[in-house]
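Everything on this sheet refers to the single structure shown next.
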Amino acid sequence: TATCFTINASHVVLNCAGYTINYSSDGTNGYGVTTIGNVSNVTIKNCLIVEGTSGFNDFAIYFENVSNSSVYNTTIITLGSDGRGISLFNSFNLTLANSSIRTGNGMGVKIDTSNNITVGSTTMNISGGSYYGVYVLGSKYANITSNNITTLQPDAYGIFYQSIVNSSVIEHNIITTN
């Protein structure tokens with residue numbers, strides 16, 4: 001199917017308990033988990049989120065207008081072109097921690113017009129060219145700390161900041177490029 005879980009309420013915990021979310025399994029564009037409307041206090045944990053069939057522009061997790069939420073102990077695998085492990089838009093006070101993201105030809109984490117975002121203790125393997133482990137655009141107070149990011153193409157970046165980056169912290173990351 002295209003999208004597996006749509007969260008449209010606040011105070012929701014999606015605990016996969018180690019089970020797999022297999023999204024976009026028929027090649028249709030979609031999301032593993034997405035939100036609708038202004039929601040807060042959403043937690044996604046203990047999941048394996050896998051793009052079943054290589055598609056285009058598919059996201060494992062897409063948060064828009066989300067606040068005070070977290071993703072942790074989650075493994076994400078994307079296969080398609082221009083996909084995202086996690087994409088945040090117009091959101092704030094979010095934490096991604098103790099997780100793993102592997103992309104076929106896309107970004108690990110995209111932070112767009114979102115503030116007070118923490119990405120920490122996460123392993124990312126980015127296989128496609130011209131993509132990023134973490135891409136920050138028009139956002140403030142991003143804390144990117146203690147991650148292990150590997151890019152497998154010479155034109156890919158571990159962490160890339162574009163425009164507003166006030167008071168952001170980037171420290172203790174291990175970035176390997178090939």
Residues of segment 15-37 satisfying the condition of being polar (S, T, N, Q), surrounded by fewer than 17 Cβ atoms within 10 Å (Cβ to Cβ) and outside any strand (DSSP E or B): Ser25, Thr28, Asn29
Per-region count, segment 38-86, residues assigned to a loop (DSSP other than H, G, I, E, B), farther than 15 Å from Cys4 by Cβ and either open to solvent by less than 40 Å² (accessible area, probe 1.4 Å) or of a type in the set (Phe, Trp, Tyr) (or both): 1
When residues of segment 164-178 are limited to those that are modelled with pLDDT of 95 or more and not in a strand (DSSP E or B), the one most open to solvent (accessible area, probe 1.4 Å): His172
Positions within segment 142-169 being within 17 Å of the chain's Cα centre (by Cα) and not polar (S, T, N, Q), in sequence order: Ala142, Ile144, Ile149, Ala156, Tyr157, Gly158, Ile159, Phe160, Tyr161
The listed residue being under 20 Å from Asn93 (Cα atoms), surrounded by fewer than 17 Cβ atoms within 10 Å (Cβ to Cβ) and of a type in the set (A, V, I, L, M, F, W, C), out of Ala9, Ala2: Ala9
Residue in segment 152-163 that is open to solvent by 60 Å² or more (accessible area, probe 1.4 Å) and either acidic (Asp, Glu) or in contact (Cβ under 8 Å) with a residue 40 or more places away in the chain (or both) present: yes
Given (1) at pLDDT below 95; (2) closer than 27 Å to Ser10 by Cβ; (3) in a strand (DSSP E or B), number of the condition Tyr161 does not satisfy: (2)
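The values are calculated or read from the model by the stated rules, or taken from the named source; none is laboratory data. Bear in mind that the values here come from a model prediction, so they are computed numbers and not experimental data. Heads up, the Cβs are rebuilt from the backbone with ideal geometry, glycines too, and the neighbour counts pull from every protein chain shown. What goes into the accessible areas is simple: the full protein's heavy atoms, side chains included, and nothing from ligands, DNA or RNA. Shrake-Rupley method; radii C 1.70, N 1.55, O 1.52, S 1.80 Å.
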